[in-house]
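Readers should treat all values here as calculations from the given coordinates under stated rules, not as data from a laboratory. Just so it is clear, the structure is predicted and the values come from calculations on it, not from any experiment. All Cβ positions, glycine included, derive from the backbone under ideal geometry; neighbour counts span all protein chains shown.
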Amino acid sequence: MRETHLLVLQKKEKLFLALSLAAVVLCTVLAFGFAVPLQAAEPQVLPDTTGLEQYVLVDLNTADLSALCTLPGVGEKRAQTILDYRTQNGPFERVEDAANVPGLTQTIVDSWAGMATVS
């Protein structure tokens, strides 16, 4: 009786191991099948972006209210303050000079790196 019980356990263990191995193989095949892309038929060509920086950068000396609002930390009120400051004090010489505008901090102006310029 004990030998029969051991044979049944050994068969169940073998079945468990076989199914576990099958699951590992299936998961591996699926992971590689979905994760590793096949070679594309044609290489991807990116559009020419030369000259687009003039449309991406906000010029603090020429930008209107809506353009200034695209800068981090600038809403309509701060944008209007920048416009008023520019009218009263003339154009900015450097982006960093915007920190002199009431309500703007150096941290806010620093967050404009790569987004703001002066002409």
Which residues' amide hydrogens lie under 5 Å from the amide hydrogen of Ala116, considering only partners 5 or more residues apart or on another chain, with H built in the peptide plane?
-> Val58
For Lys12, go through the aspartates and glutamates and keep the ones whose alpha-carbon is under 17 Å away, minus same-chain ones fewer than eight residues off.
-> Glu3
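Just subtract the alpha-carbon distance of Gln88 and Leu30 from 0.36 nm times their residue separation and send over the number in nm, one decimal. Before the final figure, lay out the partial values.
Details: separation 58, 0.36 × 58 = 20.88 nm, distance 6.54 nm.
Gain in length upon complete extension: 14.3 nm.
Between beta-carbons, use under 15 Å as the cut-off and find the net charge around Ile82, counting Lys and Arg +1, Asp and Glu -1. Show your work: numbers first, answer last.
Values: positive: Lys77, Arg78, Arg86, Arg94; negative: Asp59, Asp64, Glu76, Asp84, Glu93, Glu96, Asp97.
Summing Lys/Arg as +1 and Asp/Glu as -1 gives -3.
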The range 54-117 - Rg (one decimal) and Dmax (whole number), Cα, Å = 10.2, 27
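Where Lys and Arg each count +1 and Asp and Glu each count -1, what net charge lies around Gln106 among other residues with Cβ under 15 Å from its Cβ?
Values: positive: Arg78, Arg94; negative: Glu96, Asp97, Asp110.
Surrounding charge for Gln106 is -1.
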How much length is gained on full extension from Val56 to Met115, taking 0.36 nm per residue of separation minus their Cα-Cα distance?
-> 20.6 nm
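Neighbour counts of other C-beta atoms within 10 Å: give me Glu96, Glu13 arranged from fewest to most.
Glu13, Glu96
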